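I have placed the structure first, in the form of structure tokens, so that the comments after it can refer back to it.
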Amino acid sequence: MRLNFLQTICLVFSLTPQLFAQTPPERPKLIVGIVVDQMRYDYLYRYQSKYGPGGFKRLLGEGFSCANTLYNYVPTYTGPGHAAIYTGATPALNGIIGNDWYDRSWGRSRYVTTDTTVRPVGTDDTRAGRHSPRSLLSTTITDELRLSNNMRSKVVGVCIKDRGSILPAGHIPNASYWFDDKTGNWITSSYYPDSLGLPQWVQDFNARRLPDLYLSRPWDKALPEPYAESFNPGWDKYDDGKYLPMSLVPENFPYDLPTHKQKLGYGLLRFTPGGNAFTVDFALEVLDKMELGQDEYPDMLCLSFSGPDYCGHQFGIHAEETQDMYLRLDGQITRLLRALDEKYGKNNVLVFLTADHGGSETPLHLQDLNIPAGVFPESTIAGPLNKALVEKCGRPGKYVLDVANQQIWLDHAALDAADFDLEDACEVLKTWLRNQPGVYDAYTPEDIFELPEDYPYGPEIRRGLHPRRSGDVLFQLDPAWHADDKYFGSGGATHGSPYPYDAHVPLIWYGWKIPAGETFAPVSITDIAPTLAAMLRIMRPNGSTGSIIQQVVR
Ligand SMILES: [Zn+2]
């Protein structure tokens, strides 16, 4: 059939509205970054038979899964993880070498986001409120988005944990909110635009006292049937992490939250599924009250769920509690995606979901199964290390300043005064460490740059090293060993290593211009930020070392 000119014009115009309806806009109205704290890659599948259709399964079915996404540095902790996702850089450049480290300029150990120059806003608790992103040394994708259009894009961070909100939101966000255990409120600090006080809508939200509601009911299993995917019965002997005082009372489902709250206060919310629900409650309020996604400039909500990390630490990766946490989180993700559909439409919102690190097996459990594993007593080694130094140099003194995250910081002035060469002191520490069970190897930063190319996890170890911040000696443990003896010596689980259980995380893209699909091509966690930059046609963050994931960029 041949159409004349008039017929062709009519046909084109009759199709045009449909074409417009189906074509995503040039830029998304909103980007929602979801970070699930301590989510291992296998949780997408291990619990799948009990997930609903609208959460993780929907993301996997309609979105694009980068199924081979790994952390490309050590240590795999929450602060460095959130920083790497959003800066596209590793600790070597973004400076976030841990959740805590010895700060030589402060002369003491520091927490990653502590900033004594700012005031708490929304609480009088200085420990909870004096935080900022000032320790982060490179820009985030959220910074670049704001810089790209004269600050017209809005950026907001929301997370129960301060560092999970602050680091993603970057240096110049519109707001960053986190949770205060003392008041049960969302709070911020004077670093942010709300320096004069919480906006009225945040005060109104806090006045609803939702934490009281979430902690007024026991925590029972979401589903009545046994959780065959978890280790039960018999897991009780392995769930004794020392993270939660609740564990002092041996207990199982249903957990009597109202009674525990009387002793533990609002901090209890962190460990329970209500914390994730409360995070979504507030995120939806942010979208509404801060009017995100309402104009031609893409806005960004950085959302991070802390509950799975607290729970995984306390109970371990095979606990029914951990499974229940994920089943209920699946419900919260369902709720979030539905709300985004209704408010913006799927084609207008770009979502990515990933994790800040994975999680280990419980060493005690592996040992009982005859699989090599162990806990290195890091919290007790400062004394013996110092003793070894004193014996070598022959002069008493306190040479070890701090031991944390498998790193040792030495007092250079004290070594000088004792006429003890730093290099010789480091040799003493390395020899001592290499003779301990579970220690794979020990190094100075200089050694690390001389490791042979095929040294196991050599590049990951190098990328975790910051020239001004890292310790004088660092050590790695064997697979399935961890160094958090203080909290998880007798049970529970942790993370921090370069090994797959800590490094392999989900990465799913969904919504705006994202094709359904999956790739097993290697992806690094630092690829997320450059990929977002490519999608938005803006510059990638200034320390970014990642690559663009070609399959998801249109
Ligand atoms: Zn953790």
In region 69-97, which residue that is among the β-branched types (Val, Ile, Thr), assigned to a loop (DSSP other than H, G, I, E, B) and more than 15 Å from the ligand (Cβ to nearest atom) is nearest to SER470 (Cα to Cα)?
-> ILE97
Failed item in (1) under 29 Å from TRP219 (Cβ atoms); (2) away from the ligand (no atom under 16 Å from the Cβ); (3) of a type in the set (Gly, Ala, Ser), with ALA355 passing the rest = (2)
Here are LEU213, LEU268: which of them is surrounded by 20 or more Cβ atoms within 10 Å (Cβ to Cβ) and not in a loop (DSSP other than H, G, I, E, B)?
-> LEU268
Which pairs have Cβ atoms under 6 Å, sit 6 or more apart or on different chains, and link a residue in region 270-285 that is at pLDDT 95 or above to one that is among the polar types (S, T, N, Q) and surrounded by fewer than 23 Cβ atoms within 10 Å (Cβ to Cβ)?
-> ASN276/GLN332; ALA277/GLN332; VAL280/GLN332
Are any residues in region 472-521 farther than 24 Å from ASP447 by Cβ and of a type in the set (Ser, Thr, Tyr), and if so, which ones?
-> TYR487, SER490, THR494, TYR501, TYR510, THR519
Report, by residue number, each residue of region 349-380 that is more than 17 Å from THR69 (Cα to Cα), hydrophobic (A, V, I, L, M, F, W, C) and in contact with a helix residue (DSSP H, G or I) (Cβ under 8 Å, 6 or more places away or on another chain).
-> VAL349, LEU350, LEU364, ALA373, VAL375, PHE376
Region 33-57 residues that are touching a residue at least 24 places away in the same chain (Cβ under 8 Å), paired with ones that are of a type in the set (Asp, Glu) and within 16 Å of the ligand (Cβ to nearest atom) (beta carbon under 6 Å, 6 or more apart) | VAL35/ASP356; ASP37/ASP309; ASP37/ASP356; GLN38/ASP309
When region 523-547 is checked residue by residue, the ones that are within 20 Å of the chain's Cα centre (by Cα) and under 28 Å from GLY55 (Cβ atoms) are VAL523, SER524, ILE525, THR526, ASP527, ILE528, ALA529, PRO530, THR531, LEU532, GLY546
Name the one entry in ASP115, ASP100, ASP124 that is acidic (Asp, Glu) and within 16 Å of the ligand (Cβ to nearest atom).
-> ASP100
Conditions (1) part of a loop (DSSP other than H, G, I, E, B); (2) among the β-branched types (Val, Ile, Thr); (3) buried (at least 20 other Cβ atoms within 10 Å of the Cβ); number of the one not met by ILE371 = (3)
Report whether or not ASP527 is within 16 Å of the ligand (Cβ to nearest atom), charged (D, E, K, R), out of contact with any helix residue (DSSP H, G or I) (no Cβ under 6 Å at 6 or more places or on another chain) and in contact (Cβ under 8 Å) with a residue 40 or more places away in the chain.
-> no
Out of (1) in the same structural domain as CYS159 (by TED's automatic domain parsing); (2) more than 16 Å from the ligand (Cβ to nearest atom), what's the single condition that is false for LEU366?
-> (1)
For region 374-386, state whether one or more residues are in contact (Cβ under 8 Å) with a residue 12 or more places away in the chain and within 16 Å of the ligand (Cβ to nearest atom).
-> yes
Of the conditions (1) out of contact with any strand residue (DSSP E or B) (no Cβ under 8 Å at 6 or more places or on another chain); (2) under 24 Å from PHE352 (Cα atoms), ILE166 fails just one. Which one is it?
-> (1)
Considering only region 469-522, state which residues are closer than 24 Å to ARG108 by Cα and either away from the ligand (no atom under 15 Å from the Cβ) or over 22 Å from the mean Cα position of the chain (by Cα) (or both).
-> ARG469, SER470, GLY471, ASP472, VAL473, LEU474, PHE475, GLN476, ASP485
Verdict on GLY383 being surrounded by fewer than 19 Cβ atoms within 10 Å (Cβ to Cβ), closer than 21 Å to PRO479 by Cβ and not hydrophobic (A, V, I, L, M, F, W, C) = no
Single residue of GLU361, GLU285, GLU296, GLU342 found to be charged (D, E, K, R), within 16 Å of the ligand (Cβ to nearest atom) and either more than 28 Å from ALA89 (Cα to Cα) or not assigned by TED's automatic domain parsing to the domain that holds ARG209 (or both) = GLU361
When residues of region 189-210 are filtered for being out of contact with any Gly (no Cβ under 6 Å at 6 or more places or on another chain), of a type in the set (S, T, N, Q) and surrounded by 12 or more Cβ atoms within 10 Å (Cβ to Cβ), how many remain?
-> 4
Filter region 394-449 down to residues that are farther than 26 Å from ALA373 by Cβ, assigned to a strand (DSSP E or B) and not β-branched (Val, Ile, Thr), then give me how many there are.
-> 4
Of all residues in region 300-324, count the ones that are surrounded by 24 or more Cβ atoms within 10 Å (Cβ to Cβ), among the acidic types (Asp, Glu) and away from the ligand (no atom under 16 Å from the Cβ).
-> 1
Given the structure, is TYR51 within 16 Å of the ligand (Cβ to nearest atom), surrounded by 11 or more Cβ atoms within 10 Å (Cβ to Cβ) and either hydroxyl-bearing (Ser, Thr, Tyr) or modelled with pLDDT under 95 (or both)?
-> no
For residues that are away from the ligand (no atom under 15 Å from the Cβ) and of a type in the set (A, V, I, L, M), tally how many sit in region 103-112.
-> 0
Considering each of ILE408, ILE371 in turn, give the residue that is more than 19 Å from GLY98 (Cβ to Cβ) and of a type in the set (Val, Ile, Thr).
-> ILE371
Within region 120-155, residues buried (at least 24 other Cβ atoms within 10 Å of the Cβ), aliphatic (A, V, I, L, M) and part of a strand (DSSP E or B) come out as VAL155
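The values are calculated or read from the model by the stated rules, or taken from the named source; none is laboratory data. These figures come from a predicted structure and were not determined experimentally. Ideal geometry is used to build each Cβ from the backbone, glycine not excepted, and the neighbour counts take in all protein chains shown.
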